[in-house]
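Q: There's a structure below that I have some questions on.
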Amino acid sequence: IEDKGNIKAGAATFSNWYFLQYGKVDGMVDVIKAIRRSNDIFFYKVGERTGVEKIKQWSDIFGLGKRTGIGLDETEGIIPSIFWKKEVLKENWYLGDTYNLSIGQGYVGTTPLQMAFITDVFANGGYLCKPQLLKQNVGACKKLPISQKTIDIIREGMKQACSIGGTGWPLFEFSIRSDPAKLGQQGQTLTKHIQVACKTGTAESHAKSGMPHAWITVFAPYDNPEISVTILVEEGGQGSDVAGPIAKEILKAYFERSQ
């Protein structure tokens with residue numbers, strides 16, 4: 001799909017963030033590049049082709065719009081549909097609603113736990129596992145009907161999002177300090193590179209400040225994941241600028257202490 005900066009839905013104009021901020025476009029975009037660059041135009045058009053009901057169906061499969069059952073006070077969130085808008089708002093569904101749904105905006109509401117829930121599916125090879133509060137507990141897992149090819153594509157996009165040219169700049173070339181003593185060596189502290197996979201997000205806010213919510217969700221190491229982290233900073237701004245550095249500090253603390 002070609003990113004020309006913006007597209008029309010009736011009288012409304014929907015733009016890509018890169019065009020709005022810098023007046024630039026990403027050109028021809030496939031799904032990997034769309035994830036790497038967080039390209040709104042690609043997802044608008046793919047959402048239009050996929051259709052509202054299919055998006056709703058897959059949202060249900062991934063557990064969106066329902067509680068995870070972790071045992072904490074949580075909300076189910078909202079994944080809107082044509083029926084939902086007619087029943088709740090007494091309004092018709094428009095193409096612009098589909099565009100918003102396609103990038104998680106508009107009427108969409110999710111929780112950080114739900115986003116972590118979904119991130120883990122691509123970290124663990126396609127299994128949706130019930131989250132647990134205690135490490136020794138084993139959560140029930142089910143294999144989702146997703147092909148390995150699809151999983152690999154999403155993983156590659158998330159890898160590139162946290163690599164040079166992506167949107168997750170705080171996690172580019174992520175590395176930790178290796179303790180020589182723990183490695184049985186003496187001398188200068190060494191550094192170890194760890195490939196991180198991520199997706200940044202900037203979500204609409206209705207707060208008086210007008211500032212959007214900052215999101216990032218990550219897992220690492222890319223080849224053999226051990227940890228996933230989802231960060232939401234309410235009214236924080238852009239996910240890469242605000243949530244990204246927080247995720248980086250958490251990953252550093254985890255990997256440096258687990259050596």
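The values are calculated or read from the model by the stated rules, or taken from the named source; none is laboratory data. This is a predicted model, so every value here is computed, not measured. Cβ placement follows ideal geometry from the backbone for every residue including glycine, while neighbour counts extend to all protein chains displayed. SASA here: full protein model, heavy atoms, side chains in, ligands and nucleic acids out. Shrake-Rupley method; radii C 1.70, N 1.55, O 1.52, S 1.80 Å.
Q: Quickly run through the stretch 47-73 and pick out the residues that are open to solvent by 20 Å² or more (accessible area, probe 1.4 Å), in contact with a helix residue (DSSP H, G or I) (Cβ under 7 Å, 6 or more places away or on another chain) and either hydrophobic (A, V, I, L, M, F, W, C) or more than 15 Å from ILE118 (Cβ to Cβ) (or both).
A: GLU48, ILE55, PHE62, LEU64, ILE70
Q: Which of the residues belonging to the stretch 212-240 are under 16 Å from GLY166 (Cα atoms) and in contact with a helix residue (DSSP H, G or I) (Cβ under 8 Å, 6 or more places away or on another chain)?
A: The initial filter retains those residues of the stretch 212-240 that are under 16 Å from GLY166 (Cα atoms), namely 215-219, 222, 238-240.
Passing the criteria: TRP215, ILE216, THR217, VAL218, PHE219, TYR222, SER240.
Q: Something else about it: Go through the stretch 113-157 and give me each residue that's touching a residue at least 24 places away in the same chain (Cβ under 8 Å), touching a Lys or Arg at 6+ places or on another chain (Cβ under 7 Å) and either of a type outside the set (A, V, I, L, M, F, W, C) or more than 19 Å from ILE61 (Cβ to Cβ) (or both). Explain how you work it out, then say what you get.
A: Here is the first cut: in the stretch 113-157, the ones touching a residue at least 24 places away in the same chain (Cβ under 8 Å) are 113-126, 128, 130-133, 144-146, 151, 153-157.
Imposing the further condition that a residue be touching a Lys or Arg at 6+ places or on another chain (Cβ under 7 Å) reduces the set to 122, 126, 128, 157.
Passing the criteria: GLY126, GLY157.
Q: Exactly one condition in (1) free of Cβ contacts under 8 Å to residues at least 24 places away in the same chain; (2) under 17 Å from GLN105 (Cα atoms); (3) open to solvent by less than 50 Å² (accessible area, probe 1.4 Å); (4) not aromatic (Phe, Trp, Tyr) is false for ASP26; which is it?
A: If we test ASP26 against (1) free of Cβ contacts under 8 Å to residues at least 24 places away in the same chain; (2) under 17 Å from GLN105 (Cα atoms); (3) open to solvent by less than 50 Å² (accessible area, probe 1.4 Å); (4) not aromatic (Phe, Trp, Tyr), just (2) comes out false.
Q: Something else: Could you give every pair whose Cβ atoms fall below 6 Å, whose first residue belongs to the stretch 238-259 and is more than 13 Å from ARG177 (Cβ to Cβ), and whose second residue is assigned to a loop (DSSP other than H, G, I, E, B), counting only separations of at least 6 or pairs across chains?
A: So the pair list comes out as SER240/THR167; SER240/GLY168; VAL242/GLY236; GLY244/GLY168.
Q: Only one of (1) modelled with pLDDT of 95 or more; (2) open to solvent by less than 30 Å² (accessible area, probe 1.4 Å) fails for GLY109. Which number is that?
A: So the condition that GLY109 fails would be (1).
Q: Pull up the stretch 206-226, narrow it to residues that are touching a strand residue (DSSP E or B) at 6+ places or on another chain (Cβ under 6 Å) and open to solvent by 30 Å² or more (accessible area, probe 1.4 Å), then point me to the one that is farthest from CYS129 (Cα to Cα).
A: The extreme case among them is PRO212.
Q: Whether any residue in the stretch 166-179 is under 14 Å from the mean Cα position of the chain (by Cα), modelled with pLDDT under 95, surrounded by 14 or more Cβ atoms within 10 Å (Cβ to Cβ) and more than 17 Å from CYS198 (Cβ to Cβ) is what I want to check.
A: no
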